[in-house]
1. Provide the gained length on full extension for the span residue 80 to residue 57, in nm with one decimal, where the gain is 0.36 nm per separating residue minus the Cα-Cα distance.
2. Got a sec to turn the phi values of region 75-91 into Karplus ³J(HN,Hα) couplings, 6.51 cos²θ - 1.76 cosθ + 1.60 with θ = phi - 60°, whole Hz, x for Gly and Pro?
3. For residue 45 and residue 133 in the same chain, what is the full-extension length gain: residue separation times 0.36 nm, less their Cα-Cα distance, in nm?
Amino acid sequence: MSRTTVRIAAPLVFYALVALAAGPALATQDEVVAAGKREYLDNCVACHGESGKGDGRMAEILVIKPADLTQIAKRNNGVFPFWHVYGVIEGTVPTRGHVYMPNWRARFKAEESKPGYDYAYIRVLTLTHFLESIQEK
């Protein structure tokens, strides 16, 4: 490779890497919520139901009925406790009602194919944002 080629190619490679790195940061709110909805439909709907009201197909066989996830803010004086919900989903905040709820961050982490990368927290974050978006007033 000639020096001219390297001089021209180096900035292009740099800007391409910056664009790739910035990609996730440029996600819109709708895209984040949509990603969370996909996580919800893949992992939560069996117990909490499509509407999030705790009426999934597994609800009738559980000893403790799954929570109505559309009422989290209402049960908290109109404020969605984002980081508390995140902790419940990731498994660091124990709750009486979640006897059967898996530690989703650990499960998501186990599914990761790239060692050294932790995308599990992003999946938990998008799921938390989705739950925030379905709160009833």
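1. Numbers: separation 23, 0.36 × 23 = 8.28 nm, distance 2.61 nm.
Taking residue 80 through residue 57 to full extension adds about 5.7 nm, to one decimal.
2. 6, 10, 6, x, 10, 7, x, 3, 6, 5, 4, 3, x, 5, 5, 6, x
3. On the way: separation 88, 0.36 × 88 = 31.68 nm, distance 1.58 nm.
30.1 nm is the gain from fully extending residue 45 to residue 133.
Values in this text are rule-based calculations from the coordinates and carry no lab data. This one's a predicted model, so the numbers in the text were calculated from it and none came from an experiment.
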